[in-house]
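Beneath this line is the structure, given in structure tokens, with notes to follow.
Derivation of every value follows stated rules applied to the coordinates shown; laboratory data play no part. Bear in mind the structure is a predicted one, so any value in this text is a computation, not a measurement. Note: ideal-geometry Cβ built from the backbone for every residue, glycine included; neighbour counts use all protein chains shown.
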Amino acid sequence: MRNKKNSIALYLFSSFLALALAATSSYAVNERYHPRKMDEANILISQYEVEIARGNATADNYAGLIEGLKKRREAYFNRADGVEVESKIFEAYRGLLKVDPNNYQAGVSVIEYEVALGRIDGLQEKLETLVASNPGAYKCHLLKGRLLFYKADFDNSILEITKGISLKPANEVEDIVLYNKLLAAAGKFAQVMKKSPLGPSGEPVTAAACANIAAVYLDREVSKYPGNVDRAIELLNKCLDKDKTYVRAYIMMAQAYGDHKKNYKEAMNCIKKLENIPCESALLKQARNLNQKYFRLSTAAATKKK
């Protein structure tokens, strides 16, 4: 009889455990975030938001709020969901800077966020101040190198990024994959600039040079700074002023308008100008594919507006 009771108890316990595990498994799959971690984050955030709202906008309270927001970001299972917290962390760092203008972590975090968004105007001076007061801070040099990369100052970009990587402590957790990619790209682009014949004003003097340098400004990473797309278009117009039959320039112009500015009508107009120009089969195929692509995107955009 006792064995029978033990068997029943064991069966009930096993069934309960199986249901609990199944619930936990489905919960993790169905929810966007880890509940316990999110609760911890929300307690911290509420605590420090209340203090700041009461007028206690101290450096310690902003630091606590930032800690809570970072915990909230980490609580999401999908990293993409945590992106929505980034702007709140940025605003909290800006608040911290107001009460503690010399706070290195806040200063570098605000600049890092602005650079990631391609908002680099006016950041050079802020970075110079940070580097001057924190000459051994590797992240300052990395950011300065990234900023110089966007400004197409590739030689100095290489120097700063290399210095930043060399200064990074071995135990510091920092993703430098991007900076290694920037180093490789900067070396390649520096060679393009050096091989392109330039006039006294520093502007390229041949159609090919204009197109080659424009291609640098349209690179995926370089073009994150919107002003570089405008510079590419300017160079492509100069290219076509020098040679109206430069097929590659029309294709690149279409990509500048279509892929970067989302102006599909203007992109298709660029492709249309190739109708009476002799074109290699590979370039002609590329032009036709782009025209079809921008036509589909234009139609979809028009439908969405309706």
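Each 10 Å bin, from zero up to the one with the longest distance, holds this percent of the alpha carbon pairs of the chain: 5, 18, 21, 20, 17, 10, 5, 2, 1, 0, 0.
Taking the centroid of alpha carbons for each part, the stretch 205-264 and the stretch 36-54 are 48 Å apart. Treating r as the C-beta distance of residue 34 and residue 151 and R0 as 51 Å, the FRET efficiency rounds to 0.80. Couplings 3J(HN,Hα) for the stretch 288-303, derived from phi with the Karplus relation 6.51 cos²θ - 1.76 cosθ + 1.60 (θ = phi - 60°), are 5, 4, 5, 4, 5, 4, 6, 5, 5, 5, 5, 5, 5, 5, 5, 5 Hz, where x marks Gly and Pro. Using a simple charge model, +1 on the beta-carbon of Lys and Arg, -1 on the beta-carbon of Asp and Glu, nothing else, what dipole does the chain show about its Cα centre, in debye to the nearest 20? Computed charge dipole of the chain: roughly 1400 debye.
For the peptides 208-217, 294-303, residues were scored by their other Cβ atoms within 10 Å and the scores averaged per peptide; the highest-first order is 208-217, 294-303. The ranking of 266, 84 by Cβ neighbour count inside 10 Å, starting from the fewest, reads 84, 266.
Its Cα centre serving as origin, the stretch 203-306 has a Cβ charge dipole (Lys and Arg +1, Asp and Glu -1) of approximately 680 debye. Which of rounded, prolate or oblate describes the stretch 196-305 when judged by the alpha-carbon gyration tensor and an a/c cut-off of 1.5? Oblate is the answer for the stretch 196-305, as a/c is 1.5 or above yet b/c matches or exceeds a/b. When the stretch 144-252 is described by a simple charge dipole with +1 on each Lys and Arg Cβ and -1 on each Asp and Glu Cβ, the residue from 182, 239, 149 located farthest towards its positive end is 239.
Think of it as helices only: each DSSP H run of n ≥ 4 in the chain is worth -39500 (n - 2.57), and spread over all residues that comes to -24000 deg cm²/dmol at 222 nm. The calculated FRET efficiency for the pair residue 43 and residue 116, based on their C-beta separation and a Förster distance of 35 Å, comes to about 0.75. Judged by a Cβ-Cβ distance under 4.7 Å, the unpaired cysteines of the chain are 140, 270, 279.
Over the stretch 123-192, the Kirkwood radius and the radius of gyration, each from Cα atoms, give a ratio Rg/Rh of 0.97.
Give 195/262; 70/168; 265/305; 194/262; 139/262; 163/262 a once-over and call out the pairs whose C-alpha atoms are over 26 Å from each other. Check vs 26 Å cut-off fails for 195/262; 194/262; 139/262; 163/262. Rounded to the nearest 0.05, the FRET efficiency derived from the C-beta distance between residue 281 and residue 301 at R0 = 45 Å is 0.90.
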